[in-house]
Amino acid sequence: MKKQGHIHLIVGPMFAGKSDELISEYNAKISSKELGLTQDNLLVVKPLLDSRDNQIKSRTGKELEAAKVSTALDIKALLNENIKELFIDEFQFFKKDVADLVKELKKDGLSITLAGLDHDFRKMHFSRYKDLIDDADKLTHLLATCHTCGQVAKYSRKEVNGKPAGKKSNTIEIELKDGAVQYFAACSKCYK
Ligand SMILES: [Zn+2]
């Protein structure tokens, strides 16, 4: 019988440790004697968008080499018969073609672990989360600490030049080094 594929979604707000969890999952797979996987069996990708470097970096300082891709075709070009597991960071930044590919690969027997935001800064679900949640076999929902009150935070807030971003502000804009665009984790009470 053909091996069943598997989709694991790791979601939560900004500052919830999603990339850290993705890297831990990767390390757990590599060190599992039972699975018998090597680096050649695992492919790690991240969106082209944010990056000058070829690593996924967690806020706790963990790092993992990742190929930068922008479309499903880019991912397909990196797949080969040795690849058994695919890891995708910041999956909310991709277009629908990548969600479709993930579902296809699951049917082909691959295990795919994806980390990313479930809600945008307007508290709306990202489209890729909506595309994949019904097909997810495992969901790890992480929470952050509210930057305002220290309680458990489920949402991300966005500020542009120190003021709350308007509803029409770009939902996939990344934090800028100059501090003009900043994100904060927020609990339901402090989210404004
Ligand atoms: Zn709060």
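Since every read-out is calculated from the coordinates, none of them should be taken as a lab result. Fair warning: this is a prediction, and the values are worked out from it, not measured in the lab. Glycine also receives a Cβ, built like all others from the backbone with ideal geometry; neighbour counts cover every protein chain displayed.
Table for the structure above
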| read-out | value |
| --- | --- |
| Sites excluded, GluC sites (Glu not before Pro) in DSSP loops with at most 11 other C-beta within 10 Å, longest stretch of the chain | 82-192 |
| The chain - percent relative contact order, Cα under 8 Å, separation 6 or more | 29 |
| Whole-angstrom gap from the range 131-160 to the range 78-99, using each part's C-alpha centre | 21 |
| Percent antiparallel among DSSP beta bridges (both partners in the chain, rounded to 5) | 40 |
| Residue-averaged 222 nm ellipticity for the chain, from DSSP H runs of 4+ at -39500 (n - 2.57), nearest 500 | -6000 deg cm²/dmol |
| Pairwise label distance in nanometres, Thr71 with Asp134, each label 7 Å out on the Cα-Cβ vector | 2.6 |
| Interchain or long-range residues, amide H under 5 Å from Val44's placed H | Ala67, Phe87 |
| Nearest-20 debye value, the chain charge dipole, Cβ charges on Lys, Arg, Asp, Glu | 760 |
| P(r) histogram, all alpha-carbon pairs of the chain included - 5 Å bins from 0, percent | 1, 8, 15, 20, 21, 15, 9, 6, 3, 1, 0, 0 |
| Ranking of Arg59, Arg157, Arg122 by count of other Cβ atoms within 10 Å, fewest first | Arg59, Arg122, Arg157 |
| Cβ-based exposure ranking for Leu114, Leu37, in which fewest neighbours within 10 Å come first | Leu37, Leu114 |
| Nearest 10 degrees, 0 to 90: helix 96-107 Cα axis against the chain principal axis | 40 |
| Integer Hz, Karplus 6.51/-1.76/1.60 couplings in order for the range 17-33, x for Gly and Pro | x, 5, 5, 4, 5, 4, 5, 4, 4, 4, 5, 5, 5, 5, 8, 6, 5 |
